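The values are calculated or read from the model by the stated rules, or taken from the named source; none is laboratory data. These figures come from a predicted structure and were not determined experimentally. We place every Cβ from the backbone using ideal geometry, glycine too, and count neighbours over all the protein chains shown.
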Amino acid sequence: MASGFWHGLWRTKPVDAIVRESGHGEGGGLRRSMGLIQLTFFSVGATLGTGIFVVMGEATPLAGPAVVLAFLLSAVTALFSALSYAELAGTIPVSGSSYSYTYATMGELVAWVCGWCLLLEYGVSVSAVAVGWGQYLNDFLDKAFGFTIPEAWSQAPDKGGVLNLTAVLVVAAMTLVLLRGATESARVNTFMVFFKIVLLLFFCAVAFTGFQSGNLEPFLPLGVAGVSAAGAQVFFSYIGFDAASTAGEEAKNPRRDLPLAIVLSLAVVTALYVLVALASVGAMPWQDLDDDTEASLSAILSDVTGEAWPSLLLSAGAVVAITSVVLTVLYGQTRILFAMSRDGLIPSIFQRVAPKYSVPAANTIIVGVFVSVLAALVPLNHLTDATSIGTLFAFALVNASVIILRRTRPDLPRSFRAPLYPVTPVLGVFFCLYVMRGLRPVTWLVFGLWILGGLAVYLAYSRRHSRLRRGRELSDAR
């Protein structure tokens with residue numbers, strides 16, 4: 001009996017079964033409507049938020065002008081995991097992303113833990129991002145019209161707010177967009193991502209006119225150790241490149257487009273980050289780039305142009321950047337829940353598809369309400385750190401899954417193969433664990449408690465309702 005219980009925790013779901021079930025839910029299936037551009041912009045939209053504003057202020061004091069190298073170092077670190085995601089997305093093109101990949105390679109318990117980590121990554125991170133939306137909106141309103149929304153309704157409770165209605169507003173608006181279907185969501189996101197890319201390129205073009213080579217000397221004032229420390233800080237601004245993998249069942253040509261979208265999105269984000277970092281430290285002494293990096297970037301634009309309107313545009317870009325992140329991360333959360341529900345690990349309401357728009361409507365509404373409540377009422381400063389460790393853990397599992405699947409199913413058709421195998425996925429695991437090692441003890445404590453809660457839910461509900469377990473019990477009974 002005990003051996004059967006233990007064996008059941010590690011049962012894997014065949015890749016063929018995962019792919020065969022893709023797109024199907026209660027009430028109908030998801031509609032394949034996204035091309036390469038939309039998929040790439042989904043990943044760019046989830047990655048390219050206000051991180052470039054916030055992270056620059058935190059990382060530059062650690063590395064000086066060499067913060068440019070820190071962004072490149074983090075990009076290389078992220079690239080190993082991106083290549084593993086690209087291989088698995090082309091091999092197992094379904095909505096579950098890393099949850100489905102680990103189900104096929106490491107078994108149900110590990111898949112559940114991975115899915116549980118993704119709930120932390122997506123659900124809490126989008127709440128945290130939404131909380132900051134009110135601050136950036138107020139900054140834009142103040143510069144454009146000279147008024148702001150009262151702090152009681154636009155700030156988190158730990159920053160003097162009572163009820164963060166601005167966070168509720170942006171989550172509700174993006175939930176309504178998602179309910180209109182994947183095509184409409186992709187169209188809105190493509191517009192927002194295009195806007196913020198153009199805006200960051202505009203910033204670079206203006207800042208480079210004020211470039212002074214003397215600001216880059218000495219280039220390594222704090223040594224290689226400073227670059228390494230800044231790289232660990234910067235890495236978290238790359239989280240989100242995997243968003244396209246959650247659209248595996250709504251891509252027109254998933255085996256070709258998903259790997260390309262993941263790699264292209266990382267390339268686009270890296271190029272923008274490096275350009276913005278180089279333009280910033282070239283136009284302003286690195287010692288003057290403080291924690292309020294948006295104010296510093298605005299100051300660069302004002303100093304170079306002598307006008308106030310470029311700073312207003314930058315504030316508008318920050319608002320759009322957050323809105324795009326909220327949309328894409330909400331989307332990813334609903335699709336992962338859809339896949340978990342289809343496997344029976346969470347209630348079936350999360351896989352019910354509304355025929356009119358081919359979206360999991362109830363799932364989307366539940367996620368929208370949950371995120372809105374979390375963003376409106378709960379201080380998220382500690383939980384946001386935990387999203388990073390959950391993400392890195394999922395990345396490590398994906399890298400390991402590539403190795404396992406290459407050994408157990410070498411016959412599977414792979415539209416993309418991670419180059420330099422097995423070096424690439426092994427380095428991916430190593431770098432994820434290395435960055436996790438540098439996180440604060442309180443982050444590990446929150447993560448441990450979250451995992452324990454997930455195991456309790458699995459043993460109390462998910463294990464008993466697992467479709468894979470029930471299917472095998474019926475097969476044994478016959």
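Is there a residue in the range 100-118 that is part of a helix (DSSP H, G or I) and on the phi > 0 side of the Ramachandran plot? Write out each step before concluding.
So in the range 100-118, the residues part of a helix (DSSP H, G or I) come out as 100-105, 108-118.
After this cut, where a residue has to be on the phi > 0 side of the Ramachandran plot as well, the list is none.
Looking through the range 100-118, none of the residues is part of a helix (DSSP H, G or I) and on the phi > 0 side of the Ramachandran plot.
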May I ask you to verify whether T443 is part of a helix (DSSP H, G or I) and touching a Phe, Trp or Tyr at 6+ places or on another chain (Cβ under 7 Å)? no
Here the qualifying pairs (Cβ atoms under 6 Å; residues six or more apart or on different chains; first in the range 180-207 and among the charged types (D, E, K, R); second part of a helix (DSSP H, G or I)) come out as K196/G317; K196/V320; K196/A321
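Say we look at the range 369-387 and pick out the residues that are modelled with pLDDT under 75 and assigned to a helix (DSSP H, G or I); which of these is nearest to A156 (Cα to Cα)?
Of the residues in the range 369-387, the ones modelled with pLDDT under 75 are 378-387.
If we keep only those that are assigned to a helix (DSSP H, G or I) too, we end up with 381-387.
Working: N381: 10, H382: 13, L383: 13, T384: 13, D385: 16, A386: 18, T387: 18 Å.
Filtering first and then ranking leaves N381.
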Would you check which residues across the range 272-316 are at pLDDT 85 or above and within 23 Å of the chain's Cα centre (by Cα) and list them? L272, Y273, V274, L275, V276, A277, A316
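Suppose we filter F219, F145 for residues that are under 29 Å from L377 (Cα atoms) and out of contact with any Asp or Glu (no Cβ under 9 Å at 6 or more places or on another chain); which single one remains? Steps first, answer last, please.
Working: F219 fails: under 29 Å from L377 (Cα atoms).
Just one listed residue meets the conditions, F145.
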Run down T391, T408, T364 and say which single residue is under 22 Å from N164 (Cα atoms) and polar (S, T, N, Q). T364
Does the range 203-224 contain at least one residue that is of a type in the set (V, I, T) and not in a loop (DSSP other than H, G, I, E, B)? yes
Here are V124, V177: which of them is modelled with pLDDT of 90 or more, out of contact with any Phe, Trp or Tyr (no Cβ under 8 Å at 6 or more places or on another chain) and either part of a helix (DSSP H, G or I) or not aliphatic (A, V, I, L, M) (or both)? V177
I'd like the full set of residues that are buried (at least 19 other Cβ atoms within 10 Å of the Cβ) and of a type in the set (F, W, Y), limited to the range 185-204. F203
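Table: residues versus (1) more than 30 Å from Y122 (Cβ to Cβ); (2) part of a loop (DSSP other than H, G, I, E, B).
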| site | (1), (2) |
| --- | --- |
| A230 | no, no |
| E249 | no, yes |
| R255 | no, no |
| A271 | no, no |
| L275 | no, no |
| S311 | yes, no |
Search the range 209-251 for residues being among the aromatic types (F, W, Y) and under 19 Å from V269 (Cα atoms), and hand back the single one that is nearest to the chain's Cα centre (by Cα). F241
In the range 332-360, how many residues are of a type outside the set (A, V, I, L, M, F, W, C) and assigned to a helix (DSSP H, G or I)? 8
Being closer than 24 Å to V15 by Cα and of a type in the set (V, I, T) is the filter here, so list the residues in the range 387-422 that pass it. T391, V398, V402, I403, I404, T408
Quick check: is even one residue across the range 26-40 at pLDDT 85 or above, of a type in the set (G, A, S), farther than 30 Å from R407 by Cα and assigned to a helix (DSSP H, G or I)? no
One residue from L109, L88 being among the hydrophobic types (A, V, I, L, M, F, W, C) and either in contact with an Asp or Glu (Cβ under 6 Å, 6 or more places away or on another chain) or surrounded by fewer than 24 Cβ atoms within 10 Å (Cβ to Cβ) (or both): L109
Expected output for the range 405-423 (first residue more than 20 Å from P254 (Cα to Cα), partner surrounded by 16 or more Cβ atoms within 10 Å (Cβ to Cβ), Cβ below 6 Å, 6+ apart or cross-chain) is P422/I403
Filter the range 404-442 for residues that are of a type in the set (S, T, N, Q) and under 24 Å from A229 (Cα atoms) and give the result. T424
Does any residue of the range 145-159 turn out to be part of a helix (DSSP H, G or I), crowded, with 23+ Cβ neighbours inside 10 Å and in contact with a helix residue (DSSP H, G or I) (Cβ under 6 Å, 6 or more places away or on another chain)? yes
Give the range 205-246 a look and list any residue that's acidic (D, E) and surrounded by 16 or more Cβ atoms within 10 Å (Cβ to Cβ), or say none. D242
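For (1) over 19 Å from C114 (Cβ atoms); (2) under 22 Å from the mean Cα position of the chain (by Cα), each residue gets a yes or a no:
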| position | (1), (2) |
| --- | --- |
| T408 | no, no |
| V423 | yes, no |
| F431 | no, yes |
| L439 | no, yes |
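Would you check if there is a residue in the range 110-119 being farther than 27 Å from I365 by Cα and not charged (D, E, K, R)? Let's see the steps before the verdict.
Of the range 110-119, the ones farther than 27 Å from I365 by Cα are 110.
Next, only the ones that are not charged (D, E, K, R) stay: 110.
Yes - at least one qualifying residue is present in the range 110-119.
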